[in-house]
Amino acid sequence: MHLEKTELRDYLVGFALVLSMVGIATWLHDYEIILPEIGALTAGMWIYHKRDWIRQPIKIFLAPSGTAVIGFIINLLPLNYPTKVVTTLLLILVLLRSLRSTLAPSFATGLLPIIVNATHWSFIIAIFGFTLILMAGVLFRGLYHGIPAGEPLSIRHMSIFLVAGIVWAGLVWLSGNPQMAAIPPVLVVFFEALQQPTYHGKMALKQITALTGAATLGVLIHLVFASWLLTTLISLPLVFILLALLNLKLPAAYAFPLLALVLPTNMFNHLPLAALLASSFFLGIVFTYKQVINRVRVATEND
């Protein structure tokens with residue numbers, strides 16, 4: 001786990017940003033300011049420099065902020081929980097396609113207000129503020145230079161994503177656990193995996209392990225340390241170690257410990273199991289889909 005000087009600096013700066021967010025929330029006693037996906041966005045942009053996340057800096061602000069507004073408004077409507085989740089997913093897909101953006105954490109910022117039942121404008125202000133900071137960091141360092149603009153979302157991938165989301169929401173509703181309809185970090189990884197040209201079983205297993213492990217760390221540490229700041233201070237480095245052991249760069253995993261801080265009790269207690277089941281379901285779909293596509297391609301080339 002040797003880190004170069006620049007990598008260490010990036011980790012420390014990103015860690016400081018996330019701690020400052022949790023510190024502000026603690027100071028104001030406002031959990032709606034804790035935005036789990038800011039942890040993922042910070043890791044993906046400032047630490048891992050993910051090309052598909054930083055290629056168009058203005059969308060670092062527009063996409064997550066736009067989806068957060070969508071989720072915030074949908075949450076205020078008199079709809080049941082699964083309907084809110086599916087409606088929000090559909091509108092997020094429409095927004096991302098119109099923006100020609102594949103910024104996967106936008107799904108998490110859109111679903112968060114529904115999960116935590118956000119009703120205060122502090123949530124929107126926090127989203128605007130921290131995404132602007134992230135955008136400014138990318139612009140300041142010029143991380144986006146030389147990266148071509150992305151293509152619009154594939155209609156096929158949009159359809160698979162939405163259908164899978166509807167099926168999952170239906171399954172958890174029928175099982176009596178509608179609160180499991182939205183596990184944002186899992187949906188972020190699902191969306192990204194769909195965009196990949198290939199997806200192997202080994203990668204699926206590593207990502208399932210990482211997501212479940214990060215969720216478990218977040219829950220266990222928060223059970224021991226009720227403090228938002230202490231949980232963040234301890235859990236994020238442990239997630240880094242977990243990912244290093246798996247030889248994996250998975251920004252979404254950093255969102256789980258923060259998600260554990262803001263979840264309602266009924267969701268908090270089941271978060272590790274929900275992460276395991278949801279990641280197995282969604283990433284299993286990606287693996288199966290990629291295998292079918294590959295076999296069809298091979299058969300076509302042989303004809």
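The values are calculated or read from the model by the stated rules, or taken from the named source; none is laboratory data. Remember, it's a predicted structure, so these values are computed and weren't measured experimentally. We place every Cβ from the backbone using ideal geometry, glycine too, and count neighbours over all the protein chains shown.
When Leu91, Leu112 are screened for being more than 24 Å from Trp27 (Cβ to Cβ) and in contact with a helix residue (DSSP H, G or I) (Cβ under 7 Å, 6 or more places away or on another chain), only Leu91 passes. Annotation note: of Leu276, Leu233, the sole residue that is within 18 Å of Thr212 (Cβ to Cβ) and at pLDDT 90 or above is Leu276. Checking each residue of segment 222-231 against the condition of being of a type in the set (Phe, Trp, Tyr), closer than 22 Å to Ala104 by Cβ and surrounded by fewer than 19 Cβ atoms within 10 Å (Cβ to Cβ) gives no match.
Could you tell me whether segment 282-290 includes any residue that is under 17 Å from Ala182 (Cβ atoms), in contact (Cβ under 8 Å) with a residue 24 or more places away in the chain and not β-branched (Val, Ile, Thr)? Yes, segment 282-290 contains a residue that is under 17 Å from Ala182 (Cβ atoms), in contact (Cβ under 8 Å) with a residue 24 or more places away in the chain and not β-branched (Val, Ile, Thr).
Among the helices (runs of 4 or more DSSP H) confined to segment 92-207, the ones with at least 2 residues that are more than 18 Å from the chain's Cα centre (by Cα) and surrounded by fewer than 21 Cβ atoms within 10 Å (Cβ to Cβ) are located at 121-141, 155-174.
Listed here are the residues, each with its yes/no results for (1) touching a Leu at 6+ places or on another chain (Cβ under 7 Å); (2) more than 27 Å from Ala181 (Cα to Cα).
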residue: Ile47; (1), (2): no, yes
residue: Arg51; (1), (2): no, yes
residue: Ile54; (1), (2): yes, yes
residue: Ile58; (1), (2): no, yes
residue: Gly66; (1), (2): yes, no
residue: Gly71; (1), (2): yes, no
residue: Leu76; (1), (2): no, no
residue: Tyr81; (1), (2): no, no
residue: Val86; (1), (2): no, no
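Scanning segment 27-59 for residues that are more than 20 Å from Ala193 (Cα to Cα) and part of a loop (DSSP other than H, G, I, E, B) yields His29, Asp30, Ile34, Leu35, Gln56, Pro57.
Taking first residues from segment 71-96 that are over 19 Å from Pro185 (Cβ atoms) and among the basic types (Lys, Arg) and partners that are modelled with pLDDT of 95 or more and surrounded by 22 or more Cβ atoms within 10 Å (Cβ to Cβ), no Cβ contact under 9 Å between residues at least 6 apart in sequence or on separate chains turns up. Take Pro82 and decide whether it is of a type outside the set (Phe, Trp, Tyr), over 18 Å from the mean Cα position of the chain (by Cα) and within 28 Å of Val13 (Cα to Cα). When the stated conditions are applied, Pro82 does not pass them. With respect to the conditions (1) assigned to a helix (DSSP H, G or I); (2) touching a Pro at 6+ places or on another chain (Cβ under 8 Å); (3) surrounded by fewer than 17 Cβ atoms within 10 Å (Cβ to Cβ), Ile24 lacks only one, and its number is (2).
Screening Ala210, Ala260 for residues that are buried (at least 24 other Cβ atoms within 10 Å of the Cβ), over 26 Å from Asp52 (Cβ atoms) and of a type in the set (Gly, Ala, Ser) leaves exactly one candidate, Ala260. Being surrounded by fewer than 24 Cβ atoms within 10 Å (Cβ to Cβ) and under 19 Å from Ile92 (Cβ atoms) is a description that does not apply to Ile60. So Phe240 ticks every box in (1) modelled with pLDDT of 95 or more; (2) hydrophobic (A, V, I, L, M, F, W, C); (3) within 30 Å of His29 (Cβ to Cβ) but one. Which box is left unticked? For Phe240, the exception is condition (1). Restricting attention to segment 234-255, the residues that are touching a residue at least 60 places away in the same chain (Cβ under 8 Å), in a helix (DSSP H, G or I) and in contact with a helix residue (DSSP H, G or I) (Cβ under 7 Å, 6 or more places away or on another chain) total 6.
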